[in-house]
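First the structure, in the form of structure tokens, and then the observations on it.
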Amino acid sequence: METLDGGARVGDAEDLFDPPPLKPEPEHPPLYMRDVLARDPFPPPANMFEDQQAYLGSGPIPASRYFSRDYAALEKEKMWSKVWQFACWGHDIPNPGDIHVYRILDRSVLVVRQRDGSVKAFVNACLHRGRELCETHTHQNELKCPYHYFTWGLDGSHKWTPAKWDFPQLDEKKFSLPEIRVEEWNGFLFVNFDTDAPNLASYMGSRFLDHWKGWDFSNRYKAVHVKKTINCNWKAGMDAFIEGFHAFASHSQGAAISCEDIGQFDIYDDAPHMSRFILPLGMPSFRLDPRPDDATAFEYMCAGFLPEALGTDEGRLQPGEDARAGSARVARKSYVKKYGIDPATVSDSEALDAISYFMFPNFMPWPTLAYPLVYRFTPLEDPDWCVWETMLFHPFTGERPPSCAVNDLGTDGSMVDDATELGGLALVLHQDDVQLPAVQRGMKNLASGELILTETQELRIRHLHKVLEDYINR
Amino acid sequence: MRIEPLGETIRLRPGEPLMRGAQRQGLSWPTICHGQAFCGQCWVRVTDSAEPLPEPDAKERNALRAVPSHLQGPTVRLACQLKPTGTITVERAQVSRPAPTPKPEQGQAE
């Protein structure tokens, strides 16, 4: 025990010492994302320079929106019944008769692949006494109610009534299943309960459609789909995925390679349902003390993208290369190896950065190969709970691989132990999984009853609330 | 405890984790969460230990996942959690002894 200090013991009063001071926070961001993009050797698509074009002030947000049953009822009545919402990936129902069951609060929709390859959606209830026609994803030749065998075709037309003689009131010509509007964008299927709503393209807006022109998902397949029921409001879950501010504290393992403190957070007056962030990778956070040098940041990135290059010439920074340029080089190499992607099509930012779009209220697609993600948070009737889904869409060549099965972790499954298919992302999601229920509990305790938000880094949370309030106040 | 490549030797109190003892004695140690076993930034590689090291508990094992994968290994531990019971040598490049902050000059009393 010779190395042990014979003085005070841990926990004694005299054992207390002042912790080391935290790195002073700068008055302004030390750099802006547009500057990073502008000096990238392989510049990004022009849309990425369309930075924040609207401002939402610095006011607080009432915490009760995250747990009040009255507010949840308003969301259901005024918002969820009016919006285009992401129902499923179209290739999850590739064949005629494939049926996806989309559930939102107490409503349920059958999304059905038709014999001609098109898609129709129906209210999931038998017109007799209301039993759900399907309970889970399935394949059927017709839509037959398991309760009494009332039957409809895949196109919703009425086919058969049991004890027809006993339903004199029933006009079979008018006994089709009520349709729900369904439209497709980039392989994803969206439904809308509102018969008066504009079409999906107008809802998404031309700016969103323009941004995504270069990001085609026709060569992507759903490789991973993890689902977890989590003890937080759907918006609390969303919040953690539309800001990068929490990453330094909550996902500190990334601080040596990601610099979300200078990220770009975009909302646009002409695209009310859309927001975006771009968070730079391949650069250490300015908040780290000491801030790692370029060689260290590059080594960490290389270990992630191309571990076999570590220790070789390829795994070292080349003359004149900084960590970001070197990281983009090894990232592109890994995309060539893994997916056969033409490296000339992948700019530095698309190779590296965390680029996330949000289409209100439940669709969060990430366009690039660095993070080929789609997130979705779906409210449950109890506003303290929601369903959180993470999907990964990988490129393929040749024949389209089938969509993966959904890995449903229930309420207790662990992202790190039970969803290893997430790879390095599992730890990040586990860390969010730990934070979010504690956020939900703590919000109810706030003495002020208000959440305070940054102006910029949490702008997308402000935007989410603004769009939601716009629907509620209509 | 000997810290390489800094080349300093410090004494820990009984039950004191490495990082805490080092900080108490003025060393700068990489960390973000400051001892909450969350960030994984304080990792060290143990290169020698007179006594067998205590096994990492669940909290430390969880946080060790945050260490970059190419650096992980059986001798890598979290300095905020590891409480050695005997002489130990660890390696961590970013540990340093900051230069003392110059004291502001005392103004003349009026």
- Item | One residue from B:C39, B:C33 being at pLDDT below 95, within 7 Å of chain A (Cβ to nearest Cβ), surrounded by 23 or more Cβ atoms within 10 Å (Cβ to Cβ) and closer than 30 Å to A:G424 by Cα | B:C39
- Item | When residues of the range A:207-261 are limited to those that are within 27 Å of A:C302 (Cα to Cα) and without any contact (Cβ under 8 Å) to a residue 24 or more places away in the chain, the one least open to solvent (accessible area, probe 1.4 Å) | A:S252
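A quick yes/no check of all residues on (1) modelled with pLDDT of 95 or more; (2) more than 14 Å from chain B (Cβ to nearest Cβ); (3) more than 23 Å from the chain's Cα centre (by Cα); (4) surrounded by 13 or more Cβ atoms within 10 Å (Cβ to Cβ):
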residue	(1), (2), (3), (4)
A:T3	no, no, yes, yes
A:A8	no, no, yes, yes
A:G11	no, no, yes, no
A:E14	no, no, yes, no
A:D18	no, no, yes, no
A:K76	yes, yes, no, yes
A:C88	yes, yes, no, yes
A:P96	yes, yes, yes, yes
A:L105	yes, yes, no, yes
- Query: under 30 Å from A:R69 (Cβ atoms) and not β-branched (V, I, T): does that describe A:G423?
  - Reply: no
- Task: Within the range B:59-84, count every residue that is more than 20 Å from B:S28 (Cα to Cα), away from chain A (no Cβ under 12 Å) and either in contact (Cβ under 8 Å) with a residue 12 or more places away in the chain or not in a loop (DSSP other than H, G, I, E, B) (or both).
- Result: 3
- Message: Exactly one condition in (1) touching a Pro at 6+ places or on another chain (Cβ under 9 Å); (2) part of a helix (DSSP H, G or I); (3) not β-branched (V, I, T) is false for A:Y375; which is it?
- Response: (2)
- With A:T296, A:T368, A:T312 as the choices, which residue is assigned to a loop (DSSP other than H, G, I, E, B) and open to solvent by 10 Å² or more (accessible area, probe 1.4 Å)? A:T312
- Within the set of pairs 6 or more residues apart or between chains, which connect a residue that is farther than 14 Å from A:Y357 by Cβ inside the range A:43-59 to a residue that is exposed (fewer than 14 other Cβ atoms within 10 Å of the Cβ) and hydrophobic (A, V, I, L, M, F, W, C) with Cβ atoms less than 8 Å apart? A:F49/A:A38
- List, please: which pairs have Cβ atoms under 9 Å, are six or more places apart or on different chains, and start with a residue in the range A:424-449 that is in a loop (DSSP other than H, G, I, E, B) and modelled with pLDDT under 95 and end with one that is surrounded by 12 or more Cβ atoms within 10 Å (Cβ to Cβ) and among the polar types (S, T, N, Q)? A:G424/B:S69
- Message: Quick check on my filter: what residues within the range A:186-215 are closer than 14 Å to A:M359 by Cα and aliphatic (A, V, I, L, M)?
- Response: A:L189, A:V191, A:L200, A:A201, A:M204, A:L209
- Lone unmet requirement of (1) surrounded by fewer than 16 Cβ atoms within 10 Å (Cβ to Cβ); (2) assigned to a strand (DSSP E or B) for A:Y149: (2)
- Message: Regarding the range A:330-340, can at least one residue be identified that is at pLDDT 90 or above, open to solvent by less than 10 Å² (accessible area, probe 1.4 Å) and basic (K, R)?
- Response: no
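Residue by residue through the range A:235-273, note down the ones that are away from chain B (no Cβ under 11 Å), aliphatic (A, V, I, L, M) and over 27 Å from A:R39 (Cα atoms).
Applying the first criterion (away from chain B (no Cβ under 11 Å)) to the range A:235-273 yields A:235-246, A:258-273.
Next, from what is left, pick out any that are aliphatic (A, V, I, L, M): A:236, A:238, A:240, A:242, A:262, A:267, A:271.
Scanning the range A:235-273 gives A:A236, A:M238, A:A240, A:A271.
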- Query: Is at least one residue of the range B:4-13 at pLDDT below 90, open to solvent by 60 Å² or more (accessible area, probe 1.4 Å) and either within 18 Å of A:V434 (Cβ to Cβ) or within 10 Å of chain A (Cβ to nearest Cβ) (or both)?
  - Reply: no
- Item | Residues located in the range B:46-88, provided they are closer than 21 Å to B:G7 by Cβ and buried (at least 16 other Cβ atoms within 10 Å of the Cβ) | B:V46, B:S49, B:V76, B:R77, B:A79, B:L82, B:P84, B:T87, B:I88
- Has the range A:347-361 got at least one residue that is in the same structural domain as A:R39 (by TED's automatic domain parsing), out of contact with any His (no Cβ under 6 Å at 6 or more places or on another chain) and surrounded by fewer than 19 Cβ atoms within 10 Å (Cβ to Cβ)? no
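The values are calculated or read from the model by the stated rules, or taken from the named source; none is laboratory data. Computed from a prediction, not measured in an experiment: that's the story for all the values here. With ideal geometry, Cβ positions are generated from the backbone for all residues, glycine too; neighbour counts draw on all protein chains shown. The area values use the complete protein model at the heavy-atom level, side chains included, leaving out ligands, DNA and RNA. Shrake-Rupley method; radii C 1.70, N 1.55, O 1.52, S 1.80 Å.
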